[in-house]
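Let me begin by presenting the structure, written as structure tokens, before commenting on it.
The values are calculated or read from the model by the stated rules, or taken from the named source; none is laboratory data. Please read all numbers here as calculations on a predicted model, not as lab measurements. In this analysis, Cβ positions are derived from the backbone assuming ideal geometry, glycine residues included, and neighbour counts consider all displayed protein chains. Heavy atoms of the whole protein, side chains included, go into the accessibility calculation; ligands, DNA and RNA do not. Shrake-Rupley method; radii C 1.70, N 1.55, O 1.52, S 1.80 Å.
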Amino acid sequence: MNTLYSFSQFKYLLLSLLLLQLSTSSSSSASAYIFSDGEISSRNDLFREILRDEAVGRLNELGKVSDADGYLERTFMSPASLRAGNLIRGWMEDAGLRTWVDQLGNLHGRVEGMNASAEALLIGSHLDTVVDAGIFDGSLGIISALSALKVLNVNGTMGKLRRPIEVIAFSDEEGVRFHSTFLGSAALAGVLPVTALQISDKSGMTVQDVLKENSLEITEENLLQLKYDPGSVWGYVEVHIEQGPVLEWLGFPLGVVKGIAGQTRLKVTVRGSQGHAGTVPMSMRQDPLAAAAELIVLLESACKNPKDFLSYDGHCNDISLASLSSTLVCTVGEISTWPSASNVIPGQVTFTVDLRAIDDMGREAVIYELSNQMYKICERRSVSCIIDRKHDANAVVCDSELSSQLKSAAYSALRKMAGDIQDETPALMSGAGHDAMAMSHLTKVGMLFVRCRGGVSHSPAEHVLDEDVWAAGLAILAFLETQL
């Protein structure tokens with residue numbers, strides 16, 4: 001998301017954290033952990049050259065690998081995506097990892113440690129981007145993991161890892177080219193349907209065609225073979241920029257993710273009576289655009305005040321209502337009219353609804369009540385209304401053990417950088433989807449968020465402080481050291 005937040009929205013976000021018992025102590029918001037060179041000790045265990053200088057340099061280098069002139073764009077199996085993969089592969093090998101590319105274009109780097117047959121820890125994020133992207137979304141998670149492993153390799157301790165560690169740069173998470181998110185991670189988790197291979201891009205090429213063009217032969221049979229054996233995987237960890245303003249508002253560089261919101265996407269089509277803008281009296285109109293406007297205002301009101309909106313008829317319990325009050329967000333991102341002329345009463349209006357909440361039961365209750373009230377409004381206005389569900393993803397709760405370990409690792413990293421700190425590492429929810437959602441079908445997952453300026457993401461204005469990149473690398477290093 002790339003809009004700045006008002007003061008009232010900031011207060012709402014903090015209240016959300018308090019209601020879910022996800023906030024830090026009250027002193028968190030008063031202490032801003034923004035580090036300067038003079039405040040950080042020069043101890044050797046901070047590994048500034050690898051975890052900050054080299055990591056930031058690599059993020060900037062990767063940010064220049066684009067299919068477009070003047071802005072960053074890397075989509076699934078595009079020329080820039082392949083170049084970025086080659087860069088990352090070289091950095092994996094520099095960290096001492098064995099590398100390969102699977103049949104869906106995911107790039108892997110692995111070290112076996114002391115016991116190659118033990119359950120592996122997977123660490124990953126995506127190398128693709130949106131159009132006109134920032135340089136940190138996805139890439140930060142890959143680079144942070146590789147930097148931490150390079151430190152272990154340089155120290156000669158990587159061979160002492162108790163389990164294999166595998167870093168994965170997923171080929172597609174954003175879904176820009178084929179409008180199907182998590183192609184890479186869903187394949188490894190075993191939840192990518194074989195029909196996904198036949199999805200076409202704007203040029204008519206299918207996923208299967210694009211992979212074949214790049215010498216990756218994918219069939220229904222070997223797609224199924226890409227799925228990891230759950231018994232061979234210990235867990236999955238992902239580092240990602242927050243893409244929201246909470247950590248910056250709290251003044252903390254790192255936060256642990258408690259869960260990822262579930263999501264429903266709707267397509268609403270309203271049909272009325274097309275007519276001349278000058279000759280049809282207002283009292284006789286069946287205007288689908290006016291009806292759509294009322295529906296959108298209803299949506300906004302419902303999502304701002306779900307307790308007042310929902311009926312108490314068994315569709316939503318008190319726990320769900322409390323959760324909805326703090327995590328429910330709804331967005332109308334697209335709207336179109338037909339025939340879209342200034343002197344014509346529209347005949348049809350179509351708009352999208354993106355609805356997210358951490359509580360799946362509550363999300364379903366909102367959709368149920370919203371649909372009922374939408375139909376009533378359309379009936380009163382003598383227009384027809386069709387509500388199609390286009391996408392559903394259940395919420396994901398991060399593993400408590402992994403979250404606890406990541407929280408301790410983040411705290412350890414910040415203590416090394418800033419000395420004694422009084423505040424706990426914040427724990428918060430993610431409203432955005434991540435590869436961890438797909439990987440949760442395979443194994444337990446944990447996530448670490450990194451502060452980003454203004455909460456801006458999916459934009460060239462996306463920015464992470466160099467010291468926060470450093471903090472993320474130190475935290476992953478501390479986490480990996482628990483596996484020695």
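Within region 180-191, residues that are open to solvent by less than 40 Å² (accessible area, probe 1.4 Å) reach partners that are among the aromatic types (Phe, Trp, Tyr) and not in a helix (DSSP H, G or I) with beta carbons closer than 7 Å, at six or more positions or on different chains, in the pairs 183/76; 184/170; 185/170; 188/228. Got at least one residue in region 109-120 being outside any loop (DSSP other than H, G, I, E, B), under 20 Å from the mean Cα position of the chain (by Cα) and in contact (Cβ under 8 Å) with a residue 12 or more places away in the chain? No, that holds for no residue. Among the criteria (1) within 30 Å of residue 447 (Cβ to Cβ); (2) touching an Asp or Glu at 6+ places or on another chain (Cβ under 9 Å), the one residue 351 does not fulfil is (1).
Comparison of 76, 47 shows that the only residue that is in contact (Cβ under 8 Å) with a residue 12 or more places away in the chain and on the phi > 0 side of the Ramachandran plot is 47. State which residue is surrounded by the most Cβ atoms within 10 Å (Cβ to Cβ) when the search covers only region 445-456 and only residues that are among the β-branched types (Val, Ile, Thr) and under 28 Å from residue 120 (Cα atoms). Only one residue tops the list, namely 445.
For residue 90, state whether it is surrounded by fewer than 22 Cβ atoms within 10 Å (Cβ to Cβ) and on the phi > 0 side of the Ramachandran plot. Before the answer, list the steps.
Values: surrounded by fewer than 22 Cβ atoms within 10 Å (Cβ to Cβ): yes; on the phi > 0 side of the Ramachandran plot: no.
Considered against the rule, which asks whether it is surrounded by fewer than 22 Cβ atoms within 10 Å (Cβ to Cβ) and on the phi > 0 side of the Ramachandran plot, residue 90 comes out as no.
Residue-by-condition table, conditions (1) assigned to a strand (DSSP E or B); (2) among the hydroxyl-bearing types (Ser, Thr, Tyr); (3) buried (at least 16 other Cβ atoms within 10 Å of the Cβ):
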{"position": "351", "(1), (2), (3)": "yes, no, yes"}
{"position": "389", "(1), (2), (3)": "yes, no, no"}
{"position": "406", "(1), (2), (3)": "no, no, yes"}
{"position": "411", "(1), (2), (3)": "no, yes, yes"}
{"position": "417", "(1), (2), (3)": "no, no, yes"}
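Of all the criteria given as (1) among the β-branched types (Val, Ile, Thr); (2) part of a loop (DSSP other than H, G, I, E, B); (3) closer than 23 Å to residue 440 by Cα, the one not satisfied by residue 131 is (3). Across region 135-148, the qualifying residues are those that are open to solvent by less than 10 Å² (accessible area, probe 1.4 Å) and in contact with a Leu (Cβ under 7 Å, 6 or more places away or on another chain), and the one among them that is nearest to residue 182 (Cα to Cα) is 138.
Quick check on region 271-310: of everything there that is of a type in the set (Gly, Ala, Ser) and buried (at least 16 other Cβ atoms within 10 Å of the Cβ), which residue is farthest from residue 363 (Cα to Cα)? Don't jump to the end; show me each part of the working.
First, the residues of region 271-310 that are of a type in the set (Gly, Ala, Ser): 272-273, 275, 277-278, 283, 290-293, 301-302.
From the residues that got through so far, the ones that are buried (at least 16 other Cβ atoms within 10 Å of the Cβ) too are 272, 275, 290-292, 302.
On the way: 272: 29, 275: 38, 290: 26, 291: 24, 292: 21, 302: 12 Å.
For region 271-310, the residue satisfying everything is 275.
Looking at residue 53, is it part of a helix (DSSP H, G or I) and at pLDDT below 95? It is false that residue 53 is part of a helix (DSSP H, G or I) and at pLDDT below 95.
Of the numbered criteria (1) over 22 Å from residue 71 (Cβ atoms); (2) open to solvent by less than 10 Å² (accessible area, probe 1.4 Å), the one residue 175 fails is (1). Yes or no: residue 337 of a type in the set (S, T, N, Q) and either closer than 30 Å to residue 242 by Cβ or crowded, with 21+ Cβ neighbours inside 10 Å (or both)? For residue 337, the condition - of a type in the set (S, T, N, Q) and either closer than 30 Å to residue 242 by Cβ or crowded, with 21+ Cβ neighbours inside 10 Å (or both) - is not met.
Candidates 99, 75: the one that is among the hydroxyl-bearing types (Ser, Thr, Tyr) and either outside any strand (DSSP E or B) or open to solvent by 40 Å² or more (accessible area, probe 1.4 Å) (or both) is 75. Restricting attention to region 53-72, the residues that are open to solvent by less than 30 Å² (accessible area, probe 1.4 Å) and of a type in the set (D, E, K, R) total 1. The set of residues from region 77-106 being closer than 28 Å to residue 209 by Cα and of a type in the set (Gly, Ala, Ser) comprises 78, 80, 81, 84, 85, 90, 105. If the condition is being more than 38 Å from the chain's Cα centre (by Cα) and in a strand (DSSP E or B), then region 261-305 contributes 275, 276.
Of all the helices (runs of 4 or more DSSP H) wholly in region 134-232, which have at least 1 residues that are modelled with pLDDT of 95 or more and small (Gly, Ala, Ser)? Outline the logic, then answer.
Values: elements: 139-155, 183-189, 207-213, 220-225.
So the answer is 139-155, 183-189.
Residues are listed down the side, and each one gets a yes or a no for (1) in contact (Cβ under 8 Å) with a residue 12 or more places away in the chain; (2) out of contact with any Gly (no Cβ under 6 Å at 6 or more places or on another chain); (3) open to solvent by 10 Å² or more (accessible area, probe 1.4 Å); (4) not in a helix (DSSP H, G or I):
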site: 377; (1), (2), (3), (4): yes, yes, yes, no
site: 425; (1), (2), (3), (4): yes, yes, no, yes
site: 433; (1), (2), (3), (4): yes, yes, yes, yes
site: 458; (1), (2), (3), (4): yes, yes, yes, yes
site: 468; (1), (2), (3), (4): yes, yes, no, no
site: 473; (1), (2), (3), (4): yes, yes, no, no
